[in-house]
Amino acid sequence: MRILVDTHALLWAAADNGRLSSRARDVLEDPTSDLLFSAASAYEIAVKAAKGHLELPEDAATWLATRLPAFGMSPLAISVEHAAAAAALPPIHADPWDRVLVAQARIEDIPILTVDSIISRYEVTTIW
C-alpha cells in the first residue's frame, strides 16, 4: 500500500523516541509499505532546522538524503495540481504544509501516516 508519511512521523522514527504508535511503527517497518515523503515535508524540516527550531546532527539536505532511504521512503514532488488543490481546500488546517499533504493524499488517493487530528477532518484517510 502507498502511504504518505507526515513530517513528524519521520522525525519521531529517526529519533526512536517512542512517540510513534505501534500501528505507525508497524507501517514504517512493513517491507510491503510503499512509503512516500513529500517535498513539502522536506522543506518544513529544512526551514525548521535553519531557524533553529529543529536540531539535526547534520545539515537538512544531508540528513534527508540519508534518512529517506534508511526508512525506505521515496520522495513525492509537489505538482502544480497538488499546489492548486491545497490552496482550494477549506481553511480547516492553518499549516500550509499540512494542506499540501492533504491535497497530495487526495489526488494520489493514498492515506497519510499522521497523528495530526486536524488532517483527519478533511476527506482523507489517516493512519496512526
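The values are calculated or read from the model by the stated rules, or taken from the named source; none is laboratory data. The structure displayed is predicted, hence computed values, not measured ones. Neighbour counts are summed over all protein chains in view; Cβ atoms, including those assigned to glycine, are modelled from backbone coordinates with ideal geometry.
For a quick check of your reading of the model, give me the residue pairs whose first member lies in segment 71-98 and is closer than 20 Å to residue 3 by Cβ and touching a residue at least 40 places away in the same chain (Cβ under 8 Å), whose second is part of a helix (DSSP H, G or I) and among the small types (Gly, Ala, Ser), with beta-carbon atoms closer than 8 Å and at least 6 apart or on different chains.
That search, which allows pairs on different chains as well, returns 71/13; 71/14; 76/39; 78/39; 78/40; 97/40; 97/41.
Among the candidates 103, 42, 61, which residue alone is in a helix (DSSP H, G or I), touching a His at 6+ places or on another chain (Cβ under 8 Å) and hydrophobic (A, V, I, L, M, F, W, C)? So that I can check it myself, show each step before the final result.
On the way: 42 fails: touching a His at 6+ places or on another chain (Cβ under 8 Å); 61 fails: touching a His at 6+ places or on another chain (Cβ under 8 Å).
That would be 103, the only listed residue that is in a helix (DSSP H, G or I), touching a His at 6+ places or on another chain (Cβ under 8 Å) and hydrophobic (A, V, I, L, M, F, W, C).
Tell me the residue from 86, 50 that is among the aliphatic types (A, V, I, L, M) and within 16 Å of the chain's Cα centre (by Cα), please. Before the answer, list the steps.
Values: 50 fails: within 16 Å of the chain's Cα centre (by Cα).
After applying the criteria, what remains is 86.
Is there any pair linking a residue in segment 55-67 that is under 16 Å from residue 12 (Cβ atoms) to one that is modelled with pLDDT of 95 or more and outside any loop (DSSP other than H, G, I, E, B), with Cβ under 6 Å and at least six apart or on different chains, and which?
Within 6 Å, the pairs are 56/49; 56/63; 64/42; 67/14.
Could you run through segment 1-28 and say how many residues are out of contact with any Phe, Trp or Tyr (no Cβ under 9 Å at 6 or more places or on another chain) and farther than 20 Å from residue 109 by Cβ?
Number satisfying all stated conditions: 9.
Could you list, in sequence order, the residues of segment 1-33 that are of a type outside the set (Asp, Glu), assigned to a loop (DSSP other than H, G, I, E, B) and over 16 Å from residue 120 (Cβ atoms)?
So in segment 1-33, the residues of a type outside the set (Asp, Glu) come out as 1-5, 7-15, 17-25, 27-28, 31-33.
Okay, now just the ones that are also assigned to a loop (DSSP other than H, G, I, E, B), so 1, 17-21, 31-33.
Of everything in segment 1-33, those that are of a type outside the set (Asp, Glu), assigned to a loop (DSSP other than H, G, I, E, B) and over 16 Å from residue 120 (Cβ atoms) turn out to be 1, 17, 18, 19, 20, 31, 32, 33.
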